[in-house]
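Visitor: Have a look at the structure that comes next, please.
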Amino acid sequence: MADGSSETKSSNQMWGGRFASGPDAIMEEINASIGFDKKLYAQDIRGSIAHATMLAHQGIISTEDKDKIVHGLNTILSEIESGAFEFSRRLEDIHMNVEARLATLIGPAAGRLHTARSRNDQVALDFRLWVKEELQKTEKALTALIAAFLDRAEEHADTVMPGFTHLQTAQPVTFGHHCMAYVEMFGRDRSRVRHAIEHMDESPIGAAALAGTGFPIDRHMTAKALGFREPTRNSIDTVSDRDFALEFLSIASIAATHLSRLAEEIVIWSTPQFGFIRLSDAFSTGSSIMPQKKNPDAAELVRAKTGRINGSLVALLTVMKGLPLAYSKDMQEDKEQVFDAAESLELAIAAMTGMVRDMTVRADRMKAAAGSGYSTATDLADWLVREAGLPFRDAHHVTGRAVALAEQKGCDLAGLSLEELQSINPAITDKVFDVLTVEASVASRTSFGGTAPAEVRKQIAWWRASN
């Protein structure tokens, strides 16, 4: 029969070398969250100060104890921000680390702070405050990106470029109009951010573990003190809810997708084959072996960040999908995904704002490309409908024959003679040449939201007034 020391040794070998003390070490490793939730220190202390102030106001704790608690919490805040505070994994999370230090600083009064609350509503509060603040930062970042695009759109309201479908030349547009497409996209992202702030603007503190509390607390007081519109209305939902985190990640994923599409265009536009833009050295790198290379690495990295952000959304959706009400420890896995996505999104928006302001637009290359691929074919078809009275389907057929002839001759549509066009349809007159240039094409697109420079300027003015 083996002795105890042999059994202990065998057990440790089974658990693995990293966990030298066996199951307890594994439990500490999987249970501790202080490695990442210390990011919530400011929100945790802010929430505790509001809670202690409310407890004293309601006569649940004494004013003297409240003053000690608030002073101690402010001392801890200063210690953390100065780097003097020592976080302990043994104390699991930010809440217990702060509470333990508070007890050391002020003694028994620290124990009164946790009256009428639980770590369940405490973490819900801390995390909600952090996400709300991050959404507010995202709103400002998106506003800066929109402003950068508005400046470039105004600068290039008349700059003609090819518009694409299927990445094939379709119709001429202006670069200003193309920039305004991103203003619309990022404007919707910002609108989603604002709606998310409104959705989550409710205070969780006071829900306690899941059933509320018998103490005569004033949840409206703490909600107001913490900048929330009102307290949450169901204590079970309060500690179960991570909708606000999922909504943040959803918004981040959509915004990152928009950033990624823009990054892809920047990568394409900066190739020698397109040459529509140049990025400065501030947003490019060279090659270790090919001296002629200038790589749009900032755009490529923004494009890649989308994978991380989307992955965070899927991860948290998967964590939450099968949880019964109310709180489960699974929900500890919510924060790292949100923290990582927030950092990635913040960096990606900043990098893209920098690139939009940095890029040199090569209007000559854009204009030359705008006329390629018979991009004014639709203008010819529209002219035949307006001026010659043809049904659009017949005009489409006539235009197709004209494109085929131009392709055979190796010229654009404007390069065909009047006689050649009349051989296809005798109703064509020399007035058709007024619509076959790319400038005439874009100028004619005056419908609301169209690419005509005058219309682009109207949309810029609207956005500046409402931004």
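The values are calculated or read from the model by the stated rules, or taken from the named source; none is laboratory data. Worth saying up front: this structure is predicted, and the values here are computed from it rather than measured. Quick reminder, even Gly has a Cβ in these numbers, built from the backbone with ideal geometry, and neighbours come from all protein chains shown. Areas reflect the complete protein model, heavy atoms only, side chains present, ligands, DNA and RNA absent. Shrake-Rupley method; radii C 1.70, N 1.55, O 1.52, S 1.80 Å.
Visitor: Within the stretch 103-111, can one find any residue that is out of contact with any Gly (no Cβ under 7 Å at 6 or more places or on another chain), of a type in the set (S, T, N, Q) and part of a loop (DSSP other than H, G, I, E, B)?
Guide: No, because not a single residue in the stretch 103-111 is out of contact with any Gly (no Cβ under 7 Å at 6 or more places or on another chain), of a type in the set (S, T, N, Q) and part of a loop (DSSP other than H, G, I, E, B).
Visitor: Pick out the one residue from ARG357, ARG365, ARG386, ARG401 that is part of a helix (DSSP H, G or I), modelled with pLDDT of 90 or more, out of contact with any Cys (no Cβ under 9 Å at 6 or more places or on another chain) and farther than 30 Å from LEU150 by Cβ.
Guide: So the residue among ARG357, ARG365, ARG386, ARG401 that is part of a helix (DSSP H, G or I), modelled with pLDDT of 90 or more, out of contact with any Cys (no Cβ under 9 Å at 6 or more places or on another chain) and farther than 30 Å from LEU150 by Cβ is ARG401.
A quick yes/no check of all residues on (1) touching a residue at least 24 places away in the same chain (Cβ under 8 Å); (2) in contact with a Pro (Cβ under 6 Å, 6 or more places away or on another chain); (3) open to solvent by 10 Å² or more (accessible area, probe 1.4 Å):
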residue: ASP121; (1), (2), (3): yes, yes, no
residue: ASP126; (1), (2), (3): yes, no, no
residue: LYS132; (1), (2), (3): yes, no, yes
residue: THR138; (1), (2), (3): yes, no, yes
residue: ALA147; (1), (2), (3): yes, no, yes
residue: ARG152; (1), (2), (3): yes, no, yes
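Visitor: Restricting attention to the stretch 47-79, which residues are within 27 Å of GLU29 (Cβ to Cβ) and surrounded by fewer than 19 Cβ atoms within 10 Å (Cβ to Cβ)?
Guide: Residue satisfying the conditions is GLU79 alone.
Visitor: Hey, another quick one. Within the stretch 205-228, track down each residue that is in contact with a helix residue (DSSP H, G or I) (Cβ under 7 Å, 6 or more places away or on another chain) and among the charged types (D, E, K, R).
Guide: ASP218 - this is the single residue of the stretch 205-228 that is in contact with a helix residue (DSSP H, G or I) (Cβ under 7 Å, 6 or more places away or on another chain) and among the charged types (D, E, K, R).
Visitor: In the stretch 220-336, which helices (runs of 4 or more DSSP H) lie fully inside it and hold 1 or more residues that are of a type in the set (Asp, Glu) and under 30 Å from MET54 (Cβ atoms)?
Guide: Filter on the stretch 220-336 gives 235-240, 243-269.
Visitor: For ALA414, are the conditions met, namely being touching a Gly at 6+ places or on another chain (Cβ under 9 Å) and among the hydrophobic types (A, V, I, L, M, F, W, C)?
Guide: Judged against the criteria, ALA414 is a match.
Visitor: If you don't mind, another one. Conditions first: (1) over 30 Å from PHE127 (Cα atoms); (2) modelled with pLDDT of 90 or more; (3) under 46 Å from the mean Cα position of the chain (by Cα). ALA350 passes all but one, so which condition is the exception?
Guide: (1)
Visitor: While we're on this one: Please work out which residue is modelled with the lowest pLDDT, limiting yourself to the stretch 404-420 and to residues that are open to solvent by 70 Å² or more (accessible area, probe 1.4 Å) and either closer than 24 Å to ARG445 by Cα or among the basic types (Lys, Arg) (or both).
Guide: Among them, the one singled out is ASP412.
Visitor: Shifting gears a bit: Determine whether GLU407 is on the phi < 0 side of the Ramachandran plot, touching a Lys or Arg at 6+ places or on another chain (Cβ under 9 Å) and outside any loop (DSSP other than H, G, I, E, B).
Guide: So GLU407 fails the test.
Visitor: Let me ask something else about it. Filter the stretch 59-99 for residues that are under 17 Å from HIS114 (Cα atoms), in a loop (DSSP other than H, G, I, E, B) and not acidic (Asp, Glu) and give the result.
Guide: Once the filter is applied, which keeps residues that are under 17 Å from HIS114 (Cα atoms), in a loop (DSSP other than H, G, I, E, B) and not acidic (Asp, Glu), the stretch 59-99 yields GLY59, ILE60, ILE61, SER62.
Visitor: Which one of THR353, THR399 is touching a Leu at 6+ places or on another chain (Cβ under 6 Å), among the polar types (S, T, N, Q), open to solvent by less than 50 Å² (accessible area, probe 1.4 Å) and free of Cβ contacts under 8 Å to residues at least 40 places away in the same chain?
Guide: When all the criteria are applied, what remains is THR399.
Visitor: State which residue is farthest from ALA225 (Cα to Cα) when the search covers only the stretch 23-80 and only residues that are small (Gly, Ala, Ser) and over 33 Å from the mean Cα position of the chain (by Cα).
Guide: Looking at residues that are small (Gly, Ala, Ser) and over 33 Å from the mean Cα position of the chain (by Cα), I get ALA25.
Visitor: Moving to a separate point now. Somewhere in the stretch 210-219, is a residue open to solvent by less than 10 Å² (accessible area, probe 1.4 Å) and either farther than 30 Å from CYS179 by Cβ or out of contact with any His (no Cβ under 6 Å at 6 or more places or on another chain) (or both)?
Guide: The answer is no, given that none of the residues of the stretch 210-219 is open to solvent by less than 10 Å² (accessible area, probe 1.4 Å) and either farther than 30 Å from CYS179 by Cβ or out of contact with any His (no Cβ under 6 Å at 6 or more places or on another chain) (or both).
Visitor: Let me ask something else about it. Hey, does the stretch 301-316 have a residue that's surrounded by 19 or more Cβ atoms within 10 Å (Cβ to Cβ) and among the hydroxyl-bearing types (Ser, Thr, Tyr)?
Guide: The answer is yes; a qualifying residue exists.
Visitor: Right, here's the next one. For the stretch 227-267, enumerate the residues that are out of contact with any Phe, Trp or Tyr (no Cβ under 6 Å at 6 or more places or on another chain) and of a type in the set (Val, Ile, Thr).
Guide: Matches in the stretch 227-267: THR232, ILE236, THR238, ILE251, ILE254, THR257, ILE266, VAL267.
Visitor: What do you reckon, is ASP158 more than 21 Å from LEU259 (Cβ to Cβ), acidic (Asp, Glu) and not in a helix (DSSP H, G or I)?
Guide: So ASP158 passes the test.
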